[in-house]
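Only the coordinates and a few stated rules stand behind these numbers; no lab work does. Remember, predicted model here, so these are calculated numbers, not experimental data. Neighbour counts are summed over all protein chains in view; Cβ atoms, including those assigned to glycine, are modelled from backbone coordinates with ideal geometry.
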Amino acid sequence: MAKLLMEDDLNRRLVAMLQQDGRMSHAELAERLGVSRPTIIDRVKRLEADGILNGYAARVSPAAVNKPTVAFVAVRYKDNNEGIEQRFIKALEDEPDILEAHTIAGEDALLLKIVADTPAGIAERLRRIRMLGPMVTTRTTMVLETHWEKAGPSPFPIEGAGKRVKPK
């Protein structure tokens, strides 16, 4: 069903507008998209129910909360026990300065995005990560400058991906 919902141009434009401003009211969305408010409400409900829109959140700048130091951490662990791995991933989720965790292919098992106040803060978080799991090793890449981050993938086909929905 998700594929069919996203084949609809109105749904794609609606998702793109919500990616730019998730707080936009149904009335404003309806006006900008040239449809009725009930149509927007129905579309948003269907997109949420189908898992296309899977939440709304404030995007907080790490620097604004005194955590301007960002790093990506590749994690390896020697134990291939599924239960231990799941407990480790859950423990990582409970760490407030680990913003993302991805299972990856290759020599590493996970890729994490972490933030801290200083490089020394990153080192402290790395120690905590290594203590959370059995035989965990890490490899860290420090971010020097973030140029941009996106709120999610474009709802448009690749040929229309570069076109942004302009607010009125």
Revision key, fill the gap. Per the C-alpha gyration tensor (a ≥ b ≥ c, the square roots of its eigenvalues), region 17-84 is rounded if a/c is under 1.5, else prolate if a/b beats b/c, else oblate; here it's oblate
Review point. For the chain, what does -39500 (n - 2.57) per DSSP helix run (n ≥ 4), summed and divided by total residues, give at 222 nm, in deg cm²/dmol to the nearest 500?
Key: -11500 deg cm²/dmol
Point to revise | Charge sum, other residues only, whose C-beta stays under 10 Å from A74's C-beta, Lys/Arg counted +1 and Asp/Glu -1 | key: 0
**Study point:** Formal net charge of residues neighbouring Y56 (Cβ-Cβ distance under 13 Å; K, R +1; D, E -1)
**Key:** 0
Check your understanding: Across 10 Å bins from 0, what is the distribution of all Cα-Cα pair distances for the chain, in whole percents?
Key -> 8, 29, 25, 24, 12, 1
Point to revise | Length-normalised contact order for the chain - Cα pairs under 8 Å, 6+ apart - percent | key: 26
Review point. For S36, what charge total do you get from the other residues with a beta carbon under 12 Å from its beta carbon, if Lys and Arg give +1 and Asp and Glu give -1?
Key: 0
Review point. How far apart, in nm, are two points set 7 Å out from the Cα along the Cα-to-Cβ line at R76 and at I104?
Key: 1.3
Study note, to complete from the structure: Given the candidates H102, G22, M131, the one whose Cα lies deepest towards the positive end of the charge dipole of the chain, counting +1 at each Lys or Arg C-beta and -1 at each Asp or Glu C-beta, is G22
Revision key, fill the gap. Across T138, T69, T146, the residue with the highest GNM fluctuation in the chain (Cα network, 10 Å cutoff) is T146
Point to revise | Tensor-based shape of region 35-127 (alpha-carbon gyration tensor, a/c under 1.5 rounded, otherwise prolate or oblate) | key: oblate
Check your understanding: What is the gain in length, in nm to one decimal, between A27 and A123 on full extension, counting 0.36 nm per residue of separation less the C-alpha to C-alpha distance?
Key -> 29.8 nm
